[in-house]
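Taking it in order: structure first as structure tokens, then the write-up.
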Amino acid sequence: MRCVIARFPFDLIKSEVEQSMSGITPEPVAGVSVTINRRVYPVMQVGEVITRQNRRDFTVTEMRRALTRLGFTCHDAPLAAPARDARVDEDALGW
């Protein structure tokens, strides 16, 4: 599939993306992610590996669009956990 990422044309094939990512350890996910070979990678990490460009050169939207068109499943950024109340529940302590 031909796509343009950071103004450069790429001919991407799903099996080649899978092969490129097979020996790569996933970084911790903080934003949009993609599942490749049952592993979850940050979209920007995948973009850096398959395009050989710096992550600052392309956007999450460009990579998400390309990976989705190739048939990969992309996931939105995980929701932040709600902040816990720092106060102690005195009833629970039996005071």
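Nothing in this text is a laboratory measurement; each read-out follows from the coordinates by a stated rule. Remember, predicted model here, so these are calculated numbers, not experimental data. Glycine also receives a Cβ, built like all others from the backbone with ideal geometry; neighbour counts cover every protein chain displayed.
With the condition kept exactly as written, say whether any residue in the stretch 66-79 is assigned to a strand (DSSP E or B), touching a Ser or Thr at 6+ places or on another chain (Cβ under 6 Å), surrounded by fewer than 15 Cβ atoms within 10 Å (Cβ to Cβ) and of a type outside the set (Asp, Glu). Yes, the stretch 66-79 has at least one match. Please verify whether VAL46 is surrounded by fewer than 15 Cβ atoms within 10 Å (Cβ to Cβ), of a type outside the set (Lys, Arg) and either in a loop (DSSP other than H, G, I, E, B) or touching a residue at least 24 places away in the same chain (Cβ under 8 Å) (or both), treating the condition exactly as stated. Considered against the rule, which asks whether it is surrounded by fewer than 15 Cβ atoms within 10 Å (Cβ to Cβ), of a type outside the set (Lys, Arg) and either in a loop (DSSP other than H, G, I, E, B) or touching a residue at least 24 places away in the same chain (Cβ under 8 Å) (or both), VAL46 comes out as no. Taken together, the criteria place ARG52 among residues that are surrounded by fewer than 18 Cβ atoms within 10 Å (Cβ to Cβ), of a type outside the set (Ser, Thr, Tyr) and farther than 18 Å from HIS75 by Cα.
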